[in-house]
Amino acid sequence: MISPVAQATDPWRSHPARIVRIAEEIGGVRSYDLVLDNTAVRAAYRFVPGQFNMLYLPGIGEAAISISSSMATPDLLTHTVRSVGNVTAALARAKVGDPVLIRGPFGNPWPVDRLADRDVVIVAGGLGLASQRSLIDALARHATACRSTAVIHGAKRPADLLFQSEYAAWKAAGIDMHPIVDVGEGGWSGPVGLVTKLLDTLPLDPQSTTLLCCGPDRMMTAVAEKAFARGVPADEVYLSLERNMSCAVAHCGLCQFGPLFVCRDGPVFSFDRIAQFLAVPQC
Ligand SMILES: Cc1cc2nc3c(=O)[nH]c(=O)nc-3n(C[C@H](O)[C@H](O)[C@H](O)COP(=O)(O)OP(=O)(O)OC[C@H]3O[C@@H](n4cnc5c(N)ncnc54)[C@H](O)[C@@H]3O)c2cc1C
C-alpha cells in the first residue's frame, strides 16, 4: 500500500479538493480557498511561499497557480486567479462546494531561509502580489527575523490594487507599504507612476538589501536594473517568472528557459542565474 506521505508528494497524482470560500478581490480576480478531501494527504501537504499548484478541472484542463495563503494555515490553500482562458474562466464560474483537483506543491520558492537580518524589498506588479502574499504573511508574523520589510505594489488603477483589506494588518506588523498606480483616479492621493519611481526614492542599504520581484518580465527587468544602479548585487535580486507550463516536473519542456525549467528550477530565480536568458522572447 502507498503511504499517505508518498501519495501526497507524488508529483503526478492529483488530489481531490473542495472550494470552501470564494472572495472577489479586484475586477476579474477571485481568491479560492481549497481544502483537500483526504485527511492524510491534507496532513502531509506542506508548501513554502512562492510555490504553486497545478489546479485541474476534469474535462477542461490544468493551470499553474501560486499558493497565496498563509503557511500558518496549511490545511486551507488559497489561489488568487485572474480569468484569462479555459481553466481560469471555468474557475470563475465555480461555486463554493465545487470540486477542484490539486497537484503540487511545485517549484523553487522565495528564499525565505536567506532573509534573516536582511532589509527585504518586495516589488509586485499587478497579480504578482499573489505569489508574494504568503511571504508577506510570514514576514508579518516574524516567522523570519529580517531587519525590515518594504512592499512596493503597482497597479493600473486604485481599484486594481490587490489585497487592500490586508494593508492595515501588514502595516501594524511593521511592514512598510508603498502602493502606486498608473492612473490616480477616484480620490487617490498616493503616488502615481511606475514601481521603479518608488524604488528610486526608497532609502536602502545595498549591502543588506534583498529584493524580491514578481510581475511582467519587462517590469521585473526594469526593477532589477534600478536595484543594480543602487548597488544591490545580482545574487540579492530574485524574480519569479511566469511561463506556459504543462507537466510541472521538468519533462515536457514547455517552460524550458535555457538549460533551466521554470517549473522545477523556478519560478523563483536569483537574477544572476537567469540574466542571459531574460532577453530571449518566449514562444
Ligand atoms: C508558476 C506560475 C504561477 C502562476 N500563478 C498564477 C496565479 O497565482 N494566478 C493566476 O491567475 N495565474 C497564474 N499563473 C498563470 C496561469 O497559469 C496562466 O494564466 C494559465 O495559462 C491560465 O490557464 P487557462 O487555461 O485559464 O488559460 P489558457 O487557455 O491556457 O490561456 C489563456 C491565454 O493566456 C496565455 N497564457 C497561458 N499561460 C500563460 C502564462 N503562464 N503566462 C502568460 N500567458 C499565458 C495563453 O497564451 C492564452 O492567450 C501562473 C503561472 C505560472 C507559470
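The values are calculated or read from the model by the stated rules, or taken from the named source; none is laboratory data. Every value quoted in this text rests on a predicted model; they were computed, and no experiment measured them. Cβ: placed from backbone, ideal geometry, glycine included. Neighbour counts: every protein chain shown.
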Top-ranked residue of segment 61-83 - restricted to ones that are at pLDDT 95 or above and hydrophobic (A, V, I, L, M, F, W, C), ranked as farthest from the ligand (Cβ to nearest atom): L76
Segment 103-123, residues that are among the small types (G, A, S) and more than 27 Å from M54 (Cα to Cα): A116
Selection count, segment 39-53, where residues are within 16 Å of the ligand (Cβ to nearest atom) and farther than 22 Å from A124 by Cα: 0
Looking only at segment 131-160, and only at residues there that are more than 16 Å from the ligand (Cβ to nearest atom) and part of a helix (DSSP H, G or I), the one that is surrounded by the most Cβ atoms within 10 Å (Cβ to Cβ): L139
Inter-residue pairs, beta-carbon under 8 Å, first more than 6 Å from the ligand (Cβ to nearest atom) and in segment 84-100, second of a type in the set (D, E, K, R) and not in a loop (DSSP other than H, G, I, E, B), 6+ apart: L91/R30; A92/R30; V96/R21; G97/R18; D98/R18; P99/R18; V100/R18
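Okay, residues lined up against (1) in the same structural domain as H153 (by TED's automatic domain parsing); (2) surrounded by 20 or more Cβ atoms within 10 Å (Cβ to Cβ); (3) of a type in the set (A, V, I, L, M):
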| residue | (1), (2), (3) |
| --- | --- |
| T39 | no, no, no |
| Y45 | no, yes, no |
| P49 | no, yes, no |
| A63 | no, yes, yes |
| P74 | no, no, no |
| L77 | no, yes, yes |
| R82 | no, no, no |
| V96 | no, no, yes |
| V123 | yes, yes, yes |
